[in-house]
Amino acid sequence: MEIRNLNLSDNKEVSFVENLYIESFPLSERRPVETMLELYKDDTPFVISVTIEDDQLVGFLTYWDLGEFIFAEHFAISAEFRNGGYGRKVMELFMQVPKPIILEVELPTTILSERRIGFYQRLGFRLWDNVQYQQPAYYDHTNAIPMKLMTYGNMNVERDLIDIRSKIYGVVYNC
């Protein structure tokens, strides 16, 4: 399995990421596809990576290198590869980055959101259950979404929440 940066000149890769992004995340939890691709084109700390296994596109991961930590924004595995251990393999490769990782998860109010939190916990991520956090709105006509933060590596979200949130809100959400 290989994780590598998206090749913007490869229409098959770009189309794969666009379609899986739209299929996997509700409108309120994703930025416009064109904006995502523009961010990746520009000289920003934003990365779109694709996962490849036996020359097949399996999934994608978007993340931001925010200096002291990595903010994992979106992660999805294509439907035909789900429940085959690919998500675990991708995250284990990604977790080898030499910085702590932080990500947002939906509140544990549904079976699916509870399963997602459990997936990350089995990989060694910590759920900061007592920390109040909201994902800022991606669109003017939508609202912020209550979320929970999870971390991997040496981070203390309770102690450093103001700095962490300020960095994420300022760089990732531009607010």
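The values are calculated or read from the model by the stated rules, or taken from the named source; none is laboratory data. Keep in mind that this is a model prediction, so the values were computed, not measured. Positions of Cβ are generated from backbone atoms using ideal geometry, with glycine treated the same way; all protein chains shown enter the neighbour counts.
Data for the structure
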{"read-out": "Selection count where residues are of a type in the set (A, V, I, L, M), surrounded by 15 or more Cβ atoms within 10 Å (Cβ to Cβ) and in a helix (DSSP H, G or I), scope region 67-117", "value": "4"}
{"read-out": "Among the candidates Tyr120, Tyr152, residue that is in contact with a Gly (Cβ under 8 Å, 6 or more places away or on another chain) and either modelled with pLDDT under 95 or buried (at least 17 other Cβ atoms within 10 Å of the Cβ) (or both)", "value": "Tyr152"}
{"read-out": "Residues of region 17-47 classified as more than 24 Å from Asp140 (Cβ to Cβ) and surrounded by 19 or more Cβ atoms within 10 Å (Cβ to Cβ), total", "value": "2"}
{"read-out": "Matching option when the condition is charged (D, E, K, R), in a loop (DSSP other than H, G, I, E, B), on the phi < 0 side of the Ramachandran plot and exposed (fewer than 15 other Cβ atoms within 10 Å of the Cβ), among Asp129, Asp160", "value": "Asp129"}
{"read-out": "Test for Leu93: is it closer than 19 Å to Val172 by Cβ and in contact with a strand residue (DSSP E or B) (Cβ under 6 Å, 6 or more places away or on another chain)", "value": "no"}
